[in-house]
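K.L.:
Quick one: this structure, given as structure tokens, is what I'll be asking you about.
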Number of protein chains: 2
Amino acid sequence: MDLSTELRRLLPREAVIADPASLSVYECDALSAYRQPPKVVVLPRTAEEVRAILRLCHRLRVPVVARGAGTGLSGGALPHAEGVLLSLTRLNRILSIDPANRTATVEPGVRNIQIACTIGGNVAENSGGVHCLKYGLTLNNLLALTVMTIEGERLELGSQTLDAPGYDLLALMTGSEGLLGIVTSVTVELLPRPQAAQVLLAAFKRVEDAGNGVAAVIAAGIIPAGLEMMDRLAIEAAEDFVHAGYPLDAEAILLCEIDGHPAEIEAELPRVAEVLKAQGATEVRVARDESERQRFWTGRKAAFPALGRIAPDYYCMDGTIPRRHLGAVLARIGALSQEFGLAVANVFHAGDGNLHPLILYDANAPGQLERAEAFGGKILEVCVEAGGTITGEHGVGVEKLNQMCVQFTAEELEQFHAVKRAFDPDGLLNPGKAIPTLRRCAEFGALHVHAGKLPFPELERF
Amino acid sequence: MDLSTELRRLLPREAVIADPASLSVYECDALSAYRQPPKVVVLPRTAEEVRAILRLCHRLRVPVVARGAGTGLSGGALPHAEGVLLSLTRLNRILSIDPANRTATVEPGVRNIQIACTIGGNVAENSGGVHCLKYGLTLNNLLALTVMTIEGERLELGSQTLDAPGYDLLALMTGSEGLLGIVTSVTVELLPRPQAAQVLLAAFKRVEDAGNGVAAVIAAGIIPAGLEMMDRLAIEAAEDFVHAGYPLDAEAILLCEIDGHPAEIEAELPRVAEVLKAQGATEVRVARDESERQRFWTGRKAAFPALGRIAPDYYCMDGTIPRRHLGAVLARIGALSQEFGLAVANVFHAGDGNLHPLILYDANAPGQLERAEAFGGKILEVCVEAGGTITGEHGVGVEKLNQMCVQFTAEELEQFHAVKRAFDPDGLLNPGKAIPTLRRCAEFGALHVHAGKLPFPELERF
């Protein structure tokens, strides 16, 4: 009996997709440079159906790749040719809300209201965003997960309270990119909405000054609700697209949002302005009203599609560095842009040191995609050299396997594989993603770079 | 060659202790009901010495128990009769401080300035405290760990930035009670000191009202920097000891601290007062000045020793429950106190739902210690039944192994053991702690209690 037939014994007919035309819909996530249709797609509606699917796949030794909304940027939901693509979008119920405990329990297919992605995807990638500088990553806002192992065993990880005994498998599962288990429910913390928020825009003549401004704000003990940077190319593209009111003569701008009690905001904004002026800000503007505040953010949020208007394709990178190296690493990226002959725009979560260089290229021009990928890989290696990491929030997926060899020692990678075997000894969950084999690292020829040494000479002065 | 001789080849003579009189100093941590001298104590000064000790113990298959300041309350640092006690107190250097990145890197033996414990111990237990409602547990304030495995391999976990790729072994190591590896350096986040803080004291005629007051404050979207509860016995003992100015006619008091910008505090305190009055607070007092604020806290902090003055011994429990069940669970603990014939005082982190019932007993009265332990075990089971956990911040150690059988299913315990094997296949690190064997659970006869069902009938109405 073939796989689809077996699956149809467990699920309603329409929940099993095996015809090639329908399968092609699932052949990639948002890293569309990689495409591979799965053998079969399943669309369970309940945790028990998920369990039954996993047990079957475990028995038949069939690979399983989980997928939420398919918005992932590192190819984590790229299907396996011989495997099941397990779509969790129909597990989309809000199971309970408890205001006194300030928690909600939801299924993984529930959509994150701000964006298109699902909560399950947020858990799988430990997603961040504009506000995680103050409010933390996904992990910092989770209390509990229900997980099915590849053997179909149900694990309750974490608890409804602040702490849980035993090893922190909740954290281990979060950000594990579908390699350790399948999440079937998520208990999140609910945060009170801030009473008010205000945003300040600062313009700089030098990118480096803006980078140093970010470090100075944090060093001053200010915790912004968001601290974003855009460079000239991004400013121009955004301004041209949505008319946010950005200064067009700046090399970089910062958007610094403060939220909380109105009196606190009123007290903090002048401090931010003062710190940024001391770092060379040529203009500091507080949004005059809510509508201007929204407009400032619209420009930031529209920056990616805006850049899509000026280049046929872009490749969005994701790396993180200690804030004090922002200026130096941006200068290094500028130099690499010259070297690779591809323009790059920077729009990113500067407060976290989470870079998002967008490499502009033309996929129809022979060799440009490969050049963009090589450039991107180099940027990630620079992040590691600066004492940072190869991902801030997008995960490793298939995209950054080579850079994992740069980030980690052989001993560290071996420890990851040992943990994987503790959950999935046959390697059936999302095989080939997130953690490279030592053989692959040997083939890639990567040597682990000892972090924080800044071996590129132009950075020595920082 | 015997163990001490081998160790003396690796370490200076005075760093290896093997004479019985000196060993007895190390025979227990702060859970002094359990005592066991180790075979030998080692006092390394460097990570390389730690590595050499671990390699030797791994080669000889000798158990290793790590110890910080020995202030742990669950017996996590209880020595092994045939093993090495690895004291980390001489690894006490502050390695670096980076204000721009707001981080510091320290060795595990550095003392937490507030209290006697070490940072390494905080990591091993994922410690909490009064302020973790707003500022998180230890894990929420960590960026990176350097860890030596039992094989003497060095792992760099986490990163100097917000996120790191790969499985979250940083979180897995945190709170793992010395079972997975030995921490040799810790990178912590540095938080800006709040500009101001103020405390409000609220008195209640009924413990239940105070419990409901806690839930109501949180449900109102207020995030206090501390929200502590004390019941009548604790109030009386503290007042008699340090004259904190507590009302002696109350059944319970809450201390609610708000910190941040002075204007924010001024705006929040009346909201807290209003919410608590609506829940039946008979008196609400804001500290008139800094000296009264300090006095209110002195009473709270002196409550444990104050209770030590009215009973020969006390047994401090540690469990966590969803806040909405505070009133009901405290009533249940009161009923159990009658049943076991032992007085109990409650002084605890109410905002987190983290209970600290102190069972008062006399170790010299035959049977009282055993009765206190049975009572304590029962309290933890009530926490699990209420949808909570058997530890908030003190860990499992040897104390709560039986209750782990209540908290977790066999599948979950098996998963913990699988993770342990991924780090320490021979089970040499802190054997017999934190995670019970399935055999032990079978002997204990515990059945996993499905959390959140509140099977005790007097709670059904909540």
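The values are calculated or read from the model by the stated rules, or taken from the named source; none is laboratory data. Owing to the predicted nature of the structure, the values given are computational and were not obtained by experimental measurement. No Cβ is skipped: glycine too gets one built from the backbone with ideal geometry, and neighbour counts run over all protein chains shown.
K.L.:
Please work out if B:Q160 is within 11 Å of chain A (Cβ to nearest Cβ), out of contact with any helix residue (DSSP H, G or I) (no Cβ under 9 Å at 6 or more places or on another chain) and of a type outside the set (F, W, Y). Step through it out loud before you land on a result.
P.N.:
Values: within 11 Å of chain A (Cβ to nearest Cβ): yes; out of contact with any helix residue (DSSP H, G or I) (no Cβ under 9 Å at 6 or more places or on another chain): yes; of a type outside the set (F, W, Y): yes.
For B:Q160, the condition - within 11 Å of chain A (Cβ to nearest Cβ), out of contact with any helix residue (DSSP H, G or I) (no Cβ under 9 Å at 6 or more places or on another chain) and of a type outside the set (F, W, Y) - is met.
K.L.:
What pairs come out if I take residues in region B:273-291 that are assigned by TED's automatic domain parsing to the domain that holds B:Y246 and surrounded by fewer than 19 Cβ atoms within 10 Å (Cβ to Cβ) and pair them with residues that are assigned to a helix (DSSP H, G or I) and of a type in the set (D, E, K, R) whose C-beta lies under 6 Å away, six or more apart or interchain?
P.N.:
Partner pairs satisfying both residue conditions: B:G280/B:D209.
K.L.:
Scan region B:294-301 and give yes if some residue there is outside the structural domain of B:P366 (by TED's automatic domain parsing), among the hydrophobic types (A, V, I, L, M, F, W, C) and touching a strand residue (DSSP E or B) at 6+ places or on another chain (Cβ under 6 Å), otherwise no.
P.N.:
Taking region B:294-301 first, the residues outside the structural domain of B:P366 (by TED's automatic domain parsing) are B:294-301.
Narrowing the set further to residues that are among the hydrophobic types (A, V, I, L, M, F, W, C) leaves B:296-297.
Keeping just the survivors that are touching a strand residue (DSSP E or B) at 6+ places or on another chain (Cβ under 6 Å) gives B:296.
Among the residues of region B:294-301, at least one is outside the structural domain of B:P366 (by TED's automatic domain parsing), among the hydrophobic types (A, V, I, L, M, F, W, C) and touching a strand residue (DSSP E or B) at 6+ places or on another chain (Cβ under 6 Å), which makes the answer yes.
K.L.:
If B:V242 satisfies every condition in (1) within 14 Å of chain A (Cβ to nearest Cβ); (2) more than 18 Å from B:I333 (Cα to Cα) but one, which is the exception?
P.N.:
(1)
K.L.:
Next question, about the same structure. Report whether or not B:P305 is touching a Ser or Thr at 6+ places or on another chain (Cβ under 7 Å), of a type outside the set (V, I, T) and at negative phi. It would help to see each step written out before you state the result.
P.N.:
Values: touching a Ser or Thr at 6+ places or on another chain (Cβ under 7 Å): no; of a type outside the set (V, I, T): yes; at negative phi: yes.
Here the answer is no, as B:P305 does not meet what is asked.
K.L.:
On the given criteria, is A:G136 crowded, with 18+ Cβ neighbours inside 10 Å and within 11 Å of chain B (Cβ to nearest Cβ)?
P.N.:
Numbers: crowded, with 18+ Cβ neighbours inside 10 Å: no; within 11 Å of chain B (Cβ to nearest Cβ): yes.
Spelling it out, it is not the case that A:G136 is crowded, with 18+ Cβ neighbours inside 10 Å and within 11 Å of chain B (Cβ to nearest Cβ).
K.L.:
For A:R154, indicate whether it is at the interface with another protein chain (Cβ under 9 Å from one of its Cβ atoms), in contact with a Lys or Arg (Cβ under 8 Å, 6 or more places away or on another chain) and within 30 Å of A:R8 (Cα to Cα). Show your work before the answer.
P.N.:
Working: at the interface with another protein chain (Cβ under 9 Å from one of its Cβ atoms): yes; in contact with a Lys or Arg (Cβ under 8 Å, 6 or more places away or on another chain): yes; within 30 Å of A:R8 (Cα to Cα): yes.
The answer is yes for A:R154.
K.L.:
Looking at region B:74-128 only, could you name the residues that are on the phi > 0 side of the Ramachandran plot and under 13 Å from the mean Cα position of the chain (by Cα)? Full working, then the answer.
P.N.:
Taking region B:74-128 first, the residues on the phi > 0 side of the Ramachandran plot are B:75, B:102, B:126.
Matches in region B:74-128: B:G75, B:N126.
K.L.:
What single numbered condition from (1) more than 22 Å from B:A215 (Cβ to Cβ); (2) within 14 Å of chain A (Cβ to nearest Cβ); (3) touching an Asp or Glu at 6+ places or on another chain (Cβ under 7 Å) fails to hold for B:Q279?
P.N.:
Result: B:Q279 passes all but (1).
K.L.:
Take the residues in region A:335-359 that are touching a residue at least 60 places away in the same chain (Cβ under 8 Å) and among the aliphatic types (A, V, I, L, M); name whichever of them is farthest from the other protein chains (Cβ to nearest Cβ).
P.N.:
Within region A:335-359, the match that is farthest from the other protein chains (Cβ to nearest Cβ) is A:A343.
K.L.:
Is at least one residue of region B:65-84 farther than 30 Å from A:G351 by Cβ, out of contact with any Gly (no Cβ under 9 Å at 6 or more places or on another chain), buried (at least 16 other Cβ atoms within 10 Å of the Cβ) and without any contact (Cβ under 8 Å) to a residue 40 or more places away in the chain?
P.N.:
No, there is no match, as no residue in region B:65-84 is farther than 30 Å from A:G351 by Cβ, out of contact with any Gly (no Cβ under 9 Å at 6 or more places or on another chain), buried (at least 16 other Cβ atoms within 10 Å of the Cβ) and without any contact (Cβ under 8 Å) to a residue 40 or more places away in the chain.
So that you can scan it fast, the table gives a plain yes or no per residue for (1) surrounded by fewer than 23 Cβ atoms within 10 Å (Cβ to Cβ); (2) in contact with a His (Cβ under 9 Å, 6 or more places away or on another chain):
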site	(1), (2)
B:H349	no, yes
B:L355	no, yes
B:I359	no, no
B:G367	yes, no
B:K378	yes, no
B:E381	yes, no
B:E399	no, no
B:N402	yes, no
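K.L.:
What do you reckon, is B:A250 at pLDDT 95 or above, touching a helix residue (DSSP H, G or I) at 6+ places or on another chain (Cβ under 8 Å) and under 30 Å from B:A374 (Cα atoms)? Show your work before the answer.
P.N.:
Details: at pLDDT 95 or above: yes; touching a helix residue (DSSP H, G or I) at 6+ places or on another chain (Cβ under 8 Å): yes; under 30 Å from B:A374 (Cα atoms): yes.
When the stated conditions are applied, B:A250 passes them.
K.L.:
Then there's this: Is there any pair linking a residue in region B:161-188 that is at pLDDT 95 or above to one that is of a type in the set (S, T, Y) and assigned to a loop (DSSP other than H, G, I, E, B), with Cβ under 6 Å and at least six apart or on different chains, and which?
P.N.:
Listed pairs, sorted by first residue: B:Y167/A:S176; B:L172/A:Y167; B:S176/A:Y167; B:G181/B:T149.
K.L.:
Name the single residue, out of those in region A:271-286 being part of a helix (DSSP H, G or I) and in contact with a strand residue (DSSP E or B) (Cβ under 8 Å, 6 or more places away or on another chain), that is farthest from A:E257 (Cα to Cα). Before the answer, list the steps.
P.N.:
Just the residues of region A:271-286 that are part of a helix (DSSP H, G or I), to begin with: A:271-278.
Subsequent filtering for residues that are in contact with a strand residue (DSSP E or B) (Cβ under 8 Å, 6 or more places away or on another chain) retains A:272-273, A:276-277.
Values: A:V272: 10, A:A273: 12, A:L276: 14, A:K277: 16 Å.
Result: A:K277.
K.L.:
Also, quick follow-up: Filter region A:108-129 down to the residues that are within 14 Å of chain B (Cβ to nearest Cβ) and surrounded by 23 or more Cβ atoms within 10 Å (Cβ to Cβ), then identify the one that is farthest from A:V183 (Cα to Cα). Reasoning before the result, please.
P.N.:
As a first pass, look at region A:108-129 and keep what is within 14 Å of chain B (Cβ to nearest Cβ): A:122-129.
Imposing the further condition that a residue be surrounded by 23 or more Cβ atoms within 10 Å (Cβ to Cβ) reduces the set to A:122-128.
Numbers: A:N122: 11, A:V123: 8, A:A124: 9, A:E125: 12, A:N126: 13, A:S127: 15, A:G128: 19 Å.
Taking the candidates together, the pick is A:G128.
K.L.:
Just to check your reading of the model, which residue among B:L142, B:L180 is under 30 Å from A:H131 (Cα atoms) and under 21 Å from the mean Cα position of the chain (by Cα)? Give the derivation first.
P.N.:
Details: B:L180 fails: under 30 Å from A:H131 (Cα atoms).
From the options B:L142, B:L180, the qualifying one is B:L142.
K.L.:
Right, something else. Can you give me the ranges of the strands (runs of 3 or more DSSP E) entirely in region B:305-396 with at least 2 residues that are at pLDDT below 95 and over 18 Å from B:A30 (Cβ atoms)? Give the derivation first.
P.N.:
Numbers: elements: B:313-316, B:344-348, B:357-361.
No strands (runs of 3 or more DSSP E) qualify here.
K.L.:
Applying the selection to region B:410-427, what residues are more than 23 Å from the chain's Cα centre (by Cα) and surrounded by fewer than 22 Cβ atoms within 10 Å (Cβ to Cβ)?
P.N.:
Applying the first criterion (more than 23 Å from the chain's Cα centre (by Cα)) to region B:410-427 yields B:410-411, B:414-415, B:418, B:421-427.
B:A410, B:E411, B:E414, B:A418, B:R421, B:A422, B:D424, B:P425, B:D426, B:G427, listed by residue number.
K.L.:
Please count how many residues of region B:19-45 are more than 12 Å from B:L86 (Cα to Cα), under 30 Å from the mean Cα position of the chain (by Cα) and in a loop (DSSP other than H, G, I, E, B).
P.N.:
Here the count works out to 11.
K.L.:
Which numbered condition trips up A:E189, out of (1) surrounded by fewer than 20 Cβ atoms within 10 Å (Cβ to Cβ); (2) within 9 Å of chain B (Cβ to nearest Cβ); (3) within 21 Å of the chain's Cα centre (by Cα)?
P.N.:
Failing condition for A:E189: (2).
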